[in-house]
Structures are given as structure tokens and as C-alpha cells.
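**Student:** Following this message is one structure expressed as C-alpha cells.
The values are calculated or read from the model by the stated rules, or taken from the named source; none is laboratory data. Given the structure is predicted, the values throughout are model-derived calculations rather than measurements. Ideal geometry is used to build each Cβ from the backbone, glycine not excepted, and the neighbour counts take in all protein chains shown.
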Amino acid sequence: MSQSPTTTTTTTAAAAAPDSLPIEGCDVFVIGGGPAGSTIAALLAQQGRDVVLVEKEHHPRFHIGESLLPANVQLFEKLGVHDQVDKIGMKKWGIEFVSIEHEHRSYVEFADAWDKTMPSSWQVRRSELDELLFRNAATRGARTLEGCKVRDVQFDDDGATIQAVLDDGTRRTWHARFVVDASGRDTVLANKFRSKEKNPDHNSTALFGHFRNVRRLEGKREGNISICWFPHGWFWFIPLADGSTSVGAVCWPYYLKSRGSSKPLKEFFYETLAMCPELADRVKNGELIDDAVHATGNFSYNGSHATGDRYLMLGDAFAFIDPMFSSGVYLAMHSAFDGAELVATALDRPASHAKARREFEETMRKGPREYAWFIYRATNPTIRDMFMHPRNPLRVKEALLSLLAGDIYGATPMWWGLRRFKALYYLISWFNARRTWRGWRKHRFNIQDMGKLQGETIQTEG
């Protein structure tokens, strides 16, 4: 039954309609209550459309990926939630780079980017941010339902029929004019269409935990993210506003396999931390919250397509890349803003839909493509040296910081600066041909699939 925007719109499994009710109708059905799904649901509801937003879990629910980009700020402002995010967030002004092969640490600030108007962002608990955005969608008029897992989507000439099941086993069916897949790494529609293609150039695993009472950077830099290289991958160090700190290692499959079958995950995690002395020193007096260490597969993938006549895929439901530069939430939310325009075109101006789809497809590929060039080379010694000695000849540092800030869809004239950065990289690599060859061979070994991990979450030990 449709609800007006003034009606309380969050429904739980306990209040679900019985199976005997007829098929429910809506304009847009959104699968997934994360940043992408909640954002597009809010935008479409504000257009006056009947939107149903479902989330398989109940908020607040755990999710990794706490670091946001400065480009997120204007999106939160457009959604009307800037002040709410500011209250839960830890201010982030820049990035620290740590390498065990260098005696110094490198610091960069977003204020030094090409565009000086995006100097900061936040570190956030994703459970808090995701719930905030989900509730905002309900406030804007979307019908929201938690504990609802989509089982099947069948398309027809008028839209799609969606079948779902609630926590208590109750089944619900909707018919929607348009479907948005924002299911993240569940990739509901990509699995249905078999359109997900594993990226052969990246294959890793993340081990992580949350700590209390760790040593942080001081002053303005306290909220900065730290990226620390070690022989088998890289670490993140993300301070949160509640005093806790997210610490994780993204490592290659061969290294995880070296753990064997008997060593506890927690012991293996601490042994990994010890490989970066600076990071180990920061956590040595800390307390691992809930005494828990998690591990998750970090398989990058791309979709063959992001749109159809009556559907689109947003964020990780379309493509997933290594989270080294914290781009995930921004790419998801930006795709939701563009996606809301595409849905409006499909429903209101179908004659213009084909052209809008082509433009949307290109936009969806742009973000992952631009970040991927750096991500796949981030453990290369040449890139590491360039990050550890950031200089600004021909404005290459400003251009790089613009990319790291998420300023990739606007009019900032940074692209020639990034091309010059890449040219310097290739030039330095050429003059260090032996090191470059060794780095390439090591990377090819690193990304081998050892057959160890299947799926997303593989283990949690507490």
C-alpha cells in the first residue's frame, strides 16, 4: 500500500503484510540500503515518485570502509545531511604515507589540491553513516523496509516483478516500473545476468580489527588516514570520532595462504602488524575491541554493463576496486545522483533514455578506471617513491591530490597534470629498468589466485 511522504515510512519484518495480500506496486524498487541505495531513494522520493527501498539486514549494521573523500561533502550538502554527518565524523584533512623502506613519513593535505575549496572530509563509522542515510531516505518519502532479502527479479514490458522474503519468513511481491540494484557486493542483478567479470589484475584479502587507546597523530593530523606499505601489501589506519581506530591489512593471496590452517587469525594479524614497526608501535598499548579480527576477500570486478531498459546498477553492485584511496562511498553516492537523473529520463522521457544510458555507462566506468591505474601500481617501488617524496613540478602534486580528493567529475583542469604525473612515472621506471622488471614480476606473482578464499566474508575470530 502506498504511503504519503508525511507518513512514517520505516517498516520492520514484524509489521509485514501477510502473504495473502496482492502484488504491491511502486514506481521504483531499490535493492540495498547502503550509501548508493539510500541516496537514490531519497532523490527519487523528493521528485514525488513512489519508491520502495529494502535492506536485507537491520540498521545499524556493520560495514567496513570508514574513510570518506572531500568530494563527498557537497553530496551530503545536497542531501541535506551535512550537519548530521559532521556530528558523527572525525575531521580528515589529509593522508599520511608510511614505508618501511624510508626513514621519514610523508604527509599531504587536500587543501593543496588543484581546487582549494575541498580541504577536508571525515572518517565515520559506516554503521552510523549508513543508518543516517537510510533514515534520511524515509524522511524524504521513500517506503523503507529492513530485514528484507530479494530472492528474484523478473522483467517484463512494463517493469519488473520482485520477490522477497522477510526475517520471519513472510514473502512479499512488488511490481515496479524501474529497479535499482544497489546491493553492493551481493550484486543481485549482475549475478542474474552473469555480467560480473573478475578483474585479473587485482586479487587480495583484508584482515582488520578495531582498537581502543592506540597512539594517533597529533593536532590537526589526528583524523588523517595513514597508508602504510609492508612487504606483502599495505595497511590502513583510520581514527574514528568515538576514540576507536580501524586498522587493517590488505595483503596478497600467497601471504594469507602462509598462515596455514592451524594458526589463529588474531595471532596472524598481530604478526602482520609487526612487519610495519611504526604501526605496531601505535597499537602496542591498544585494546582490540571485542577481541575480534575479521577477514574478507577483496576481489576486484567489473560489470559488462550497468543499465537496461528498466534497471540500473550502482556502486559496488556494478564494480568493485581495491579501497586503498577510500573511493567506494563517493563513487556509490555519485552514481546515485547520476542514476536518479537516468531513472527520471526512463520514466518521463523514454525517447531520450538510450542516449542517457550511454552517458551513464561511461560515467560509471570513469571513476573505477581513473583510480585503478594508481591502485594497481600502488605497491610498485616507483609509485611508492613518488608518494613518499611528493613534489609539484608542472602541478603534478596538485593534480594527484585532486584525484585523491575525489574531484574527478567536475570541471577542475587537473587532467593534464595527471598525464604529466604518469609520464614522470614511466620515465622514472625506464631509467630504473631492472627495478621496474622486478616489480612487474612480483606483482604478477602477488595477484595469483591461490584458491584460498571464496566469497566476501571468510572468517571472524573473537
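**Student:** Residues being of a type in the set (Asp, Glu) and either closer than 23 Å to Thr161 by Cβ or outside any helix (DSSP H, G or I) (or both): count how many of those fall in the stretch 315-339. Please lay out each step first, then the result.
**Tutor:** Looking only at the stretch 315-339, we keep the residues that are of a type in the set (Asp, Glu), and these are 316, 322, 338.
Filter once more, keeping what is either closer than 23 Å to Thr161 by Cβ or outside any helix (DSSP H, G or I) (or both): 322.
Residues in the stretch 315-339 being of a type in the set (Asp, Glu) and either closer than 23 Å to Thr161 by Cβ or outside any helix (DSSP H, G or I) (or both): 1 in total.
**Student:** Quick one: Ser246 ticks every box in (1) of a type outside the set (Phe, Trp, Tyr); (2) part of a helix (DSSP H, G or I); (3) in contact (Cβ under 8 Å) with a residue 12 or more places away in the chain; (4) within 27 Å of Ser127 (Cα to Cα) bar one, so which box is it?
**Tutor:** The one condition Ser246 does not meet is (2).
**Student:** Here's a follow-up. Among (1) in contact (Cβ under 8 Å) with a residue 60 or more places away in the chain; (2) surrounded by fewer than 15 Cβ atoms within 10 Å (Cβ to Cβ); (3) among the basic types (Lys, Arg); (4) over 30 Å from Ala176 (Cα atoms), there is one condition Lys78 misses while meeting the rest; what is its number?
**Tutor:** All conditions are met except number (4).
**Student:** Mind telling me which of the residues Trp416, Trp437, Trp430 ends up being under 27 Å from the mean Cα position of the chain (by Cα) and either free of Cβ contacts under 8 Å to residues at least 40 places away in the same chain or assigned to a helix (DSSP H, G or I) (or both)?
**Tutor:** It is Trp416.
Table: residues versus (1) in contact (Cβ under 8 Å) with a residue 12 or more places away in the chain; (2) in contact with a His (Cβ under 8 Å, 6 or more places away or on another chain).
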position: Asp242; (1), (2): yes, no
position: Tyr255; (1), (2): yes, yes
position: Ser262; (1), (2): no, no
position: Lys266; (1), (2): yes, no
position: Phe269; (1), (2): yes, no
position: Cys276; (1), (2): yes, no
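**Student:** Among Leu256, Leu312, Leu342, which is in a helix (DSSP H, G or I), touching a helix residue (DSSP H, G or I) at 6+ places or on another chain (Cβ under 7 Å) and surrounded by 21 or more Cβ atoms within 10 Å (Cβ to Cβ)?
**Tutor:** After applying the criteria, what remains is Leu342.
**Student:** Mind checking which residues of the stretch 393-437 are more than 30 Å from Ala332 (Cβ to Cβ) and hydroxyl-bearing (Ser, Thr, Tyr)?
**Tutor:** Tyr426, Ser429, Thr436
**Student:** For the stretch 111-152: of the residues being among the small types (Gly, Ala, Ser) and surrounded by fewer than 17 Cβ atoms within 10 Å (Cβ to Cβ), which is nearest to Leu418 (Cα to Cα)?
**Tutor:** By that ranking, first place goes to Ala111.
**Student:** With His210, His202 as the choices, which residue is out of contact with any Leu (no Cβ under 9 Å at 6 or more places or on another chain) and either in a strand (DSSP E or B) or in contact (Cβ under 8 Å) with a residue 24 or more places away in the chain (or both)?
**Tutor:** Answer to the check: His202.
**Student:** Moving on. Working only within the stretch 71-89, note down all residues that are within 18 Å of the chain's Cα centre (by Cα) and of a type outside the set (Val, Ile, Thr). Walk me through how you get there before you give the answer.
**Tutor:** Applying the first criterion (within 18 Å of the chain's Cα centre (by Cα)) to the stretch 71-89 yields 71-76, 85, 89.
Selection gives Ala71, Asn72, Gln74, Leu75, Phe76, Gly89.
**Student:** Can you go through Ala36, Ala41, Ala113 and tell me which one is touching a residue at least 24 places away in the same chain (Cβ under 8 Å), more than 30 Å from Pro239 (Cβ to Cβ) and not polar (S, T, N, Q)?
**Tutor:** Going through Ala36, Ala41, Ala113 in turn, the sole match is Ala41.
**Student:** Something else now. How many residues, within the stretch 287-305, are surrounded by 14 or more Cβ atoms within 10 Å (Cβ to Cβ), part of a loop (DSSP other than H, G, I, E, B) and at pLDDT 95 or above?
**Tutor:** Adding up the residues that qualify gives 1.
**Student:** Looking at (1) assigned to a loop (DSSP other than H, G, I, E, B); (2) touching a Phe, Trp or Tyr at 6+ places or on another chain (Cβ under 6 Å), which is the only condition Ser226 fails?
**Tutor:** Here Ser226 meets the rest and fails (1).
**Student:** Something else now. Go through the stretch 198-220 and count every residue that is in contact with a strand residue (DSSP E or B) (Cβ under 7 Å, 6 or more places away or on another chain) and either at pLDDT 90 or above or within 26 Å of Ser121 (Cα to Cα) (or both).
**Tutor:** Qualifying residue count for the region: 11.
**Student:** Also: Of all residues in the stretch 381-401, how many are within 17 Å of Ala423 (Cβ to Cβ) and part of a helix (DSSP H, G or I)?
**Tutor:** 13
**Student:** Residue check: is Val108 more than 30 Å from Thr173 (Cβ to Cβ), in contact with a helix residue (DSSP H, G or I) (Cβ under 9 Å, 6 or more places away or on another chain), crowded, with 21+ Cβ neighbours inside 10 Å and not acidic (Asp, Glu)?
**Tutor:** no
**Student:** Same structure, new question: Where in the stretch 30-97 are there helices (runs of 4 or more DSSP H), lying fully within it, with 3 or more residues that are closer than 18 Å to Gly328 by Cα?
**Tutor:** Once the helices (runs of 4 or more DSSP H) in the stretch 30-97 are filtered for at least 3 residues that are closer than 18 Å to Gly328 by Cα, what remains is 35-46, 72-79.
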